[in-house]
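Right, one structure below, let's go through it.
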Amino acid sequence: MAAHDSVPDEPSHDTEVRGDEQGVRRALPSIIGITVVMKGELTVGEDLVIEGTFDGTITGTGPDTVTVRRTAHLSGEVSAGTVRVEDGTNLEGTVISGRIKLAE
Amino acid sequence: MFNKKKDEYSEYEKSEPAVSTDPDVRRRKTSVIGPTLKFKGELSANEDLIIEGEIEGTIAHQDKNLTVGKEGRVKADINARTVEVYGKVEGDIHGEDIVKLAKSADVKGNIRCARIVMEDGARFSGSIDMGQKAKSAPKPTSLPVGDSAKQVESAG
């Protein structure tokens, strides 16, 4: 059957958990890509990677990590268990976290 | 066509050729809104997007593919080249090329597109406007006997 003739039963992506180095299964992280622009309020209970532009409030509801890539433009407030900010990131606002990592 | 997306998502962390000036930043073709993520506001993107979480507001996503996964819940008008829905959408959908509703889809809103595939079992409440041409005209296909998918192609 041609691929566009029907809709597969499941979205065509992998399972929603993956193993880390210790074999612990974790939820897939959310990825806000480079071209993404978001303005508003965001809550998340899994790892989050921001590569694009975000203006607003990010609240992590668990011990997960919010990673702000150097391509990101972030304005507002970030609250999460761990916040990892790469060198060169354009960040304006407040970071509230038990652990803040500045990465090169 | 849609099978290509599998690799993009399942191997989202695979090392791809890095940006020349920034070796840690990998070129990804797909953004992922995970199942625990809730966002209220404005979202725009120029890359493929998979939504497994909750989005409320506006989504401007023209010329790219957007997938609302089984766990995805969207309260927003959607504009994209291709829209594939497995979860819930409340809002109007504009698919520049094609809109696909899987059997698990639950859509309340109006759909405007050139082509639509609505699988048996999909829940839909609204109107469908197919008064636009597809960007790339599809090749005529015949569905195998017993296929539950219904495909409607615009006359123009």
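Annotations
- Report note on the peptides A:88-97, B:116-125, B:70-79, A:44-53: ranked by the mean count of other C-beta atoms within 10 Å, highest first, their order is A:44-53, B:70-79, B:116-125, A:88-97.
- Whole-Hz Karplus values for segment B:82-97 come out as 10, 10, 10, 10, 10, x, 10, 9, 10, x, 7, 10, 10, x, 4, 10 Hz, taken residue by residue from phi with 6.51 cos²θ - 1.76 cosθ + 1.60 and θ = phi - 60°; glycine and proline positions read x.
- Partner chain coverage, peptide A:45-51 - average Cβ within 10 angstrom: 4
- Order of B:H94, B:H61, A:H73 under a 10 Å beta carbon neighbour criterion, fewest first: A:H73, B:H94, B:H61
- Legend: mean number of C-beta atoms from other chains within 10 angstrom of residue C-beta atoms, peptide B:48-61, equals 3.
- Cα gyration tensor category, rounded, prolate or oblate, for segment A:23-103 with a/c compared to 1.5: rounded
Values in this text are rule-based calculations from the coordinates and carry no lab data. Model, not experiment: these values are computed from the prediction. Reconstructed Cβ throughout: ideal geometry from the backbone, glycine too, with neighbour counts over all protein chains shown.
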